[in-house]
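Notes to accompany the following structure.
The values are calculated or read from the model by the stated rules, or taken from the named source; none is laboratory data. Since this is a predicted model, take the numbers as computed values, not measurements. Here Cβ is always computed from backbone atoms with ideal geometry, including for glycine, and neighbour counts include all displayed protein chains. All accessible areas refer to the heavy atoms of the entire protein, side chains included, with ligands and DNA or RNA removed. Shrake-Rupley method; radii C 1.70, N 1.55, O 1.52, S 1.80 Å.
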Amino acid sequence: MTARGSTPLRIDFWNVVTLAALAVFVLFLVYPLSRLLISSMTGEGGGGSAVLRTYVEFFTRRYYYETLIHSLAVSAIATVLATLLGAPLAYCVARFDIPGKLLVRAVIVLTFVSPPFIGAYAWILLIGRNGVITGWLAALGFELPPVYGVNGIVLVFTLQALPFVFLLVSAGLRTVDQSIEDAAINLGRRPASAALTVLAPLIAPSLATGALLVFVTSLSDFGTPMIIGENYRMLASQIYTEFVNEHGGNPAVASALSLILLVVTVGALLWQRAWVRRHSHGQETVRPLAPRALSPLARAGATAYVYAVVLAASLPLATIVVSSFLKGKGPLITSEFTLQGYANAIRLPSALYNTVMLSTVSTVLCVAAGALVGYVVVRRRGRLVAMIDTFSMVPYAVAGVVMGIAIAIAYGGAPFHLGGTVAILVIVYFIRRLPYSIRSVAGMLGQIGPQAEEASVNLGVPPGRTFLRVTVPMVMPALVSGALLTFATIAREFNSTVILYSGSTRTLPVEVFAQVLQGDFATASVVGTVLIAVSLVPIVLLFRFLQKDESVLV
Amino acid sequence: MTARSESTTAGVDLADVSVRFGDVVAVDRATLAIAGGEFFTLLGPSGCGKTTLLRAVAGFHRQSGGTIRIGGTPVDDVPAWRRDTGMVFQNYAIFPHLDVRGNVAYGLASRGVKGAEAEARVAETLAMVDLDGLEERMPAQLSGGQQQRVVIARALAVRPRVLLMDEPLANLDAKLRVRLRNDLRQLQRRLGITTVYVTHDQEEALCLSDRIAVMSGGRILQVGTPEDVYARPAALRVAEFIGEGNFLRGTAGGADGAAEVTLRNGARLHAAGPGERLRGEVWLGFRPQDVAVRAADAASGRGELTGTLRSRTYSGAQVRYDIDCGFERLVAAHVPSASAAGSLREGATVALTVPPAQVMLFPGQDEDVEL
Ligand SMILES: Nc1ncnc2c1ncn2[C@@H]1O[C@H](COP(=O)(O)OP(=O)(O)OP(=O)(O)O)[C@@H](O)[C@H]1O
Ligand SMILES: [Mg+2]
């Protein structure tokens, strides 16, 4: 390979790209996180002598440390529940002849791209104090346990995290060879026992990745506890409150809390990666697992299970879409049909424009940079490349609110003064989504090997042009599906947006949240429905026209 | 190893077994009687239905017709996990998350064999396949040959009534394949366990088997000892598949007994091998190593073919000649390198003779020869 042995000082195309990639991570990741760290140690007021004062306060004052305990406990419970529900769901859909499988998959993908916290207010509409279902049950003489507080948070976290578990377990099952299961059965195990003793250990790494995603997402979500949590205090919502406090906020405390959250999430990521390294077994898949025939009774049971879980997971979305066409009175939704909500949502057009524009710009940047950096990570060697590889893992574990605050501190004020601009949102979207683009290109390049590029260089085409004329066409499928996914995930991005938006850069998720907090649930549903539609477009394109299935989502 | 304690080895009987996948008939009315303790091989080209038939015996495919018996009892309604067969898969299907001991002991747990007894059984079985001392190794730390031994031990440890092997040696390199093949044969003899073995490698089938069933297109064409199927193939397809051969079209005539076959180029050959009584349109076949080659200037006599030597390929002890005798295909001949005939030049005119006893005839309607 041409790259090996070249010194970093020589100016060739790929060395420039490598240095540029490093610069991007330093500017948009290392620098903001360092500023966050500094900010957490330089809070004014109080004694002011000890740099660690905020931290000491955090771990000694119950008001603060209980948020961490709550967050860890709730996220852990949601992770366990989502795994227990989601893994059998994926197994049933992958292995059994469930009627309407395509619909089931589509619905799960839909819940995957729906914005966080949407479930929270949808469940309030359904089973809150004045909820529809609450009303029906009350008429029958039943009373539901209250959905507010920790119960509601766990419910929402669990259901909104199901798709992670489903997608990863499905992907894991695709890597297991049928003969492994056959061998277990041939040795005397029933299919259920074979699934537990052989299949489960083999998909454990995928399961662990899914669980990590659930855990980190739950830790990072502050919209949900703010809407449904009532007085249940969690770390992410505490960070948000400290930062955006009406009375100026307290960046030092917010930064310190952010760093504590960062340590937890990065710790979880490192622990998970170490665990996966120990528990993954190289497998080759000649014949993937085939569907199994079931007795009619067992099939009915499996079908009922799948539909019950999928229904619960998709109910919030359905609620939002339906209620957007109903007349609302504050937090109450009547059963009167109207399109008035769409006309009344005065900030909808500008929020829609902002969302589409920001998502498009950030997606283009992400995909272009992802292609170049993905190439560097796979094809080049050296210490700089190893650093890039490590940096590109970090954003996975940085909660949106933490990244938002870090970018706000680093670029919001002097010397850059980007606060409230489009640029600052593009920066945060770019750095948060870049790793996914890098990974999808790297995955594809890893499979196709460097021979075609080497042939091109050997024929006299310089590396830069070889990349454009040989590599880019080869990874085009990964680029296009990566772009569509990136678009969908940026459009629904809330946690970092809400830290960094201004009046002129308000996006759809922010608008939904604002309406919910104001108690105007009807307008929230209208904006939410438009947001769902926006996220849906790329997913439909992906499935219908690129013939992909949900496996591209992981 | 002496008494097979739980279950004694058992014969396998297939009566009219068919397996369909939608419109594809993967196995077409197979009938076989495999005796207890026999080493029985299903041999045939890729896609002929060998694996499907083996998996039907293991219970992984429900046949669409016919009955399978193990030890005389129909097993059609017995699920795969209770069939008590030990299967060795082509791609090993080793459990990558379990060490060697865990793999071998896996089937014992479901049979209620635990603790010290299981431990002893694992040790005993690993000793059989020469893997003692590797109990703690993970599969990733084993060579291909060792992994294959582990899965054989895993299948044997449960003392199944029948051992089913699907191309167990196909993924190994040539030397190792021969060594493991011999080990396997000895082990099977020692245990006396009924073994159904699938391969598309005819040499492997000939070396290992007590009997062979030659399959093609889902059908069983011939069942017989290795000598039978090699020397007395029952059909052109069998002859084609087993060993190399020259197959030529012709018309058989003559009185009773041996036939005189007129080939398409006008040459005549005597056929006194299998099928000698056929008359009319026939396929005539003989093996390259049965051909004697000499330089010839004059036109051919009766019972001879003449042609031009098109290519000479040296391979150590043998020389292979491809000779153009005016047929659609070249005729192949293997000649000892050291013999006088071993040094002929390309372009030379040569005469070929084949001992009549080595010339086989097959009915002429089998048109679709694919050599
Ligand atoms: N699950 C299936 N669905 C449809 N057709 C199948 C299935 N399994 C096998 N077949 C078809 O049945 C035929 C026999 O397949 P089988 O796997 O038994 O062949 P084989 O003799 O083992 O070949 P090989 O030597 O390549 O392993 C083939 O034509 C194959 O395409
Ligand atoms: Mg096969």
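Under the Kirkwood approximation applied to all pairs of distinct alpha-carbon atoms, what is the hydrodynamic radius of the stretch B:7-90 in Å?
On the way: mean 1/r = 0.0763 Å⁻¹.
This gives a value of 13.1 Å.
What residue among B:343, B:157, B:43 has its Cα farthest toward the positive end of the dipole of chain B, where the charges are +1 on Lys, Arg and -1 on Asp, Glu, each on the Cβ?
So the residue we want is B:157.
Just add up the charged neighbours of residue B:29: K/R +1, D/E -1, any other residue whose Cβ is under 15 Å from the Cβ of residue B:29.
On the way: positive: B:20, B:219; negative: B:13, B:16, B:28.
Charge balance near residue B:29 sits at -1.
Take A:136, B:81 and sort them by solvent-accessible surface of the protein heavy atoms, 1.4 Å probe, largest at the top. Provide the component values of the computation, followed by the final result.
On the way: A:136 165, B:81 55 Å².
The ranking, largest first, comes out as A:136, B:81.
Along the charge dipole of the stretch A:61-280, pointing to its positive end and built from +1/-1 on Cβ of Lys, Arg, Asp and Glu, which listed residue (A:155, A:236, A:109) has its Cα farthest out?
Positive-end residue among those listed: A:109.
Specify the inter-centroid distance of the stretch A:200-223 and the stretch B:327-361, based on alpha-carbon positions, in whole Å.
Answer, in whole Å: 70.
Among the lysines, select those whose C-alpha is under 25 Å from the C-alpha of residue B:50, and discard any that sit fewer than 8 residues away in the same chain.
Residue B:50 reaches B:175.
Using a 10 Å cut-off around each Cβ of peptide B:87-93, what is the average number of partner chain Cβ atoms that fall inside? Write out the running numbers ahead of the final one.
Numbers: counts 6, 2, 8, 3, 8, 5, 11.
The per-residue average across the peptide is 6.
Return the Rg/Rh ratio of chain B with Cα-based radii and a Kirkwood Rh. Can you show the working numbers first?
Working: Rg = 24.6 Å, Rh = 23.0 Å.
With Rg and the Kirkwood Rh in hand, the quotient comes to 1.07.
Straight-line reach only, C-alpha to C-alpha below 19 angstrom: list the aspartates and glutamates that residue A:101 could link to, leaving out same-chain residues fewer than 8 apart.
Within reach: A:549, A:550.
Cα-based Rg (one decimal) and Dmax (whole number) for chain A, in Å?
24.4, 81
What Kirkwood Rh does the protein assembly as shown have if only Cα atoms enter the pairwise 1/r average? Answer in Å. Kindly include the intermediate steps, with their values, before the conclusion.
On the way: mean 1/r = 0.0301 Å⁻¹.
Answer for the protein assembly as shown: a Kirkwood hydrodynamic radius of 33.2 Å.
Which whole number gives the average count of other chain Cβ atoms within 10 Å of the Cβ atoms across peptide B:48-60? Spell out each step's value before the answer.
Working: counts 0, 0, 0, 0, 0, 0, 0, 2, 0, 0, 3, 3, 7.
Average neighbour count from other chains, rounded to a whole number: 1.
For the protein assembly as shown, with every protein chain kept in place, what is the accessible area per residue (1.4 Å probe, Å²)? Working shown, then result.
Values: 39330 Å² over 925 residues.
Result: 43 Å² of accessible area for each residue.
For chain B, what is the calculated [θ] at 222 nm in deg cm²/dmol (nearest 500), taking -39500 (n - 2.57) for each run of four or more DSSP H residues and dividing by its residue count?
On the way: 8 runs with 84 residues, N = 371.
The per-residue figure over chain B is -7000 deg cm²/dmol.
Counting only other chains, and only Cβ atoms inside 10 Å, what mean value do you get across the residues of A:188-199? Spell out each step's value before the answer.
On the way: counts 14, 6, 5, 3, 0, 3, 2, 0, 0, 7, 6, 0.
So the per-residue partner count for this stretch is 4.
Could you work out the relative contact order of chain B? I mean the mean sequence separation of Cα pairs under 8 Å and 6+ apart, divided by the number of residues, in percent. It would help to have the intermediate numbers written out before the result.
Values: 793 pairs, mean separation 57.3, N = 371.
Worked out over chain B, it gives 15 percent.
Mind jotting down the distance between the C-alpha centroids of the stretch A:386-421 and the stretch B:198-253, whole Å?
Cα centroid to Cα centroid, the span is 72 Å.
Between residue A:326 and residues 5 or more places away or on another chain, which pairs have amide H atoms under 5 Å apart, with H built 1.01 Å from N, and which residues are they?
A:338
What is the set of long-range amide H partners of residue A:177 at a cut-off below 5 Å, with H atoms built 1.01 Å from backbone N?
none
Just the number, please: carbon plus sulfur as a percent of the accessible area of the protein assembly as shown, 1.4 Å probe, no ligands or DNA/RNA counted.
Values: 23620 of 39330 Å².
For the protein assembly as shown, the apolar C and S fraction of the accessible surface comes to 60 percent.
Based solely on its DSSP helices, what 222 nm [θ] is calculated for chain A when runs of n ≥ 4 H residues each add -39,500 (n - 2.57) and the sum is averaged over all residues, nearest 500 deg cm²/dmol? Before the final figure, lay out each step's value.
On the way: 26 runs with 384 residues, N = 554.
Helix contribution divided over all residues of chain A: -22500 deg cm²/dmol.
Work out the length of the dipole vector of the stretch A:61-280 about its Cα centre, built from +1 on the beta-carbon of each Lys and Arg and -1 on the beta-carbon of each Asp and Glu, and round it to the nearest 20 debye.
Numbers: 13 positive and 10 negative charges, 92 e Å.
I would put it at about 440 debye.
Kindly express, to the nearest 10 degrees and within the range 0 to 90, the angle between helix B:174-191's C-alpha long axis and the longest C-alpha principal axis of chain B.
Helix B:174-191 sits roughly 60 degrees off the main axis of chain B.
Counting other Cβ atoms within 10 Å of each Cβ, which trypsin sites (Lys or Arg not before Pro) in the stretch A:47-107 have at most 14 and sit in a DSSP loop? Each step should come with its number before you reach the end.
Values: sites: A:53, A:61, A:62, A:95, A:101, A:105; in loops: A:61.
Listed in order of number, the matching sites are A:61.
What share of the DSSP beta bridges in the protein assembly as shown is antiparallel, in percent to the nearest 5?
Details: 64 of 83 bridges.
Roughly 75 percent of the beta bridges in the protein assembly as shown run antiparallel, per DSSP.
Nearest 100 Å² is fine: what is the total accessible surface buried where chains A and B meet, probe 1.4 Å? All intermediate terms of the calculation are to be shown ahead of the outcome.
Values: alone 24660 and 16650 Å², together 39330 Å².
Looking at A and B, the buried total is near 2000 Å².
Mind listing P(r) for the stretch A:61-280? All alpha-carbon pairs, 5 Å bins, whole percents.
Bins of 5 Å from zero give 1, 7, 12, 15, 15, 15, 12, 9, 7, 4, 2, 1, 0, 0 percent of pairs.
What's the center-to-center distance, using Cα atoms, between the stretch B:71-110 and the stretch A:323-365 in Å?
After rounding, the separation between the Cα centres reads 58 Å.
May I ask you to rank B:228, A:97 by accessible area, largest first, using a 1.4 Å probe over the protein chains only?
Numbers: B:228 50, A:97 95 Å².
If we order B:228, A:97 from most to least accessible, we get A:97, B:228.
Where nothing but the Cβ of Lys and Arg (+1) and of Asp and Glu (-1) is charged, how large is the charge dipole of the protein assembly as shown around its Cα centre, in debye to the nearest 20?
On the way: 78 positive and 67 negative charges, 235 e Å.
Result for the protein assembly as shown is approximately 1120 debye, rounded to the nearest 20.
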